[in-house]
Amino acid sequence: VGLYVLVTFIGAIGLPLLYPVKWYMILIAFLLTPIFAIIGNYIAGLTDWNLVSNFAKLAVLIFGVWASYDDPENAVVIALMTCGIVYCGASNSTDIIGDLMTGFLTRTSPKAMIIAQLVGFAFGCVCLPVVFFLFANAAPDMGFPRTTYPNTYGTIYGAMARLGVQGGFDALPKHALTGTYIIFVLSFLMPAAKLAVLNHLEKREMTKAHDAVSFWWPAPMAMGIPFIAGTDWVVPTGIGLIIKLIWKRRNFQNHEDFHQVIAAALLVGVGVWSIPAVLISLAE
């Protein structure tokens, strides 16, 4: 808590010196960070995924509306800056929770995990700028749409910031908020109804029906992921899930021993290959 207060204090004083953003906006952004972190940790506990980047769009919209009245000339920069504070803090919190969960499964000391996190942050401060300039030199158009390395999230957040600046919720399509309110209520009612049905079946000792409802009842959180993640991520994940289910049915023990390792290897392999791809591009 003390470190959080210290970082908030330093940010509220130092960041306005670098960017055209008011100190009280920085303060509010830091105060919102734990709220978004709790939401992100809850989602990660259900899905094992860090989805903070997807619902953090709400922060850029809120600050965009606020900044459009407080400082219209710099409203977009303010919205992106404050959203970056909320997003980075909440995302790091969710990542650490995920790493601690992994450490629990591997019986790793939480203290050792935190020390490893600090070492990783230190290396990241050195390596990330080098990797960024490597990509920038290999692909000067990096970050623009329809290029080799498009900044998809940057485009989305920039559009959200401009949306907030240009009128906030009033600039959304007609009935967009109405649909959002309905889905928001359903996201609470569906789990509540599931618990009620499961309790009813458990009291009547209807085991098969209980297991069927528990397995097939849709989870609102899981239903929302494909809409915010995009088809380029959801389709490969869906194919992987089908392969996983077939593998589990054909060889349960082998699946339990190796499916997480293979999934991690596939994900890491795609990311690691981007570095050799850039080096080859520079050589050409």
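Rule-based calculations on the coordinates, nothing more; no lab input. The structure presented is a predicted model; accordingly, all values stated were derived computationally and were not measured. Virtual Cβ from ideal backbone geometry, glycine too; neighbours counted across all protein chains shown.
Look through Ala139, Ala161, Ala222 and report the one residue that is within 25 Å of Ala56 (Cβ to Cβ) and surrounded by 14 or more Cβ atoms within 10 Å (Cβ to Cβ). Break it down into steps so the answer makes sense when it comes.
On the way: Ala139 fails: within 25 Å of Ala56 (Cβ to Cβ); Ala222 fails: surrounded by 14 or more Cβ atoms within 10 Å (Cβ to Cβ).
The match here is Ala161.
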Check your understanding: When the residues of segment 142-158 are filtered to those that are surrounded by 14 or more Cβ atoms within 10 Å (Cβ to Cβ) and of a type in the set (Gly, Ala, Ser), which remaining residue is farthest from Val60 (Cα to Cα)?
Key -> Gly143
Study note, to complete from the structure: Here the residues within segment 8-23 that are touching a helix residue (DSSP H, G or I) at 6+ places or on another chain (Cβ under 8 Å) and either without any contact (Cβ under 8 Å) to a residue 12 or more places away in the chain or not in a helix (DSSP H, G or I) (or both) are Ile13, Pro16, Tyr19, Pro20, Val21, Lys22, Trp23
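Residue-wise test of (1) within 25 Å of Tyr19 (Cβ to Cβ); (2) among the small types (Gly, Ala, Ser).
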| site | (1), (2) |
| --- | --- |
| Ile85 | yes, no |
| Gly89 | yes, yes |
| Met101 | no, no |
| Lys111 | no, no |
| Arg146 | no, no |
| Thr155 | yes, no |
| Arg162 | yes, no |
| Val165 | yes, no |
**Study point:** Residues of segment 198-210 classified as part of a helix (DSSP H, G or I) and more than 19 Å from Leu46 (Cβ to Cβ), total
**Key:** 9
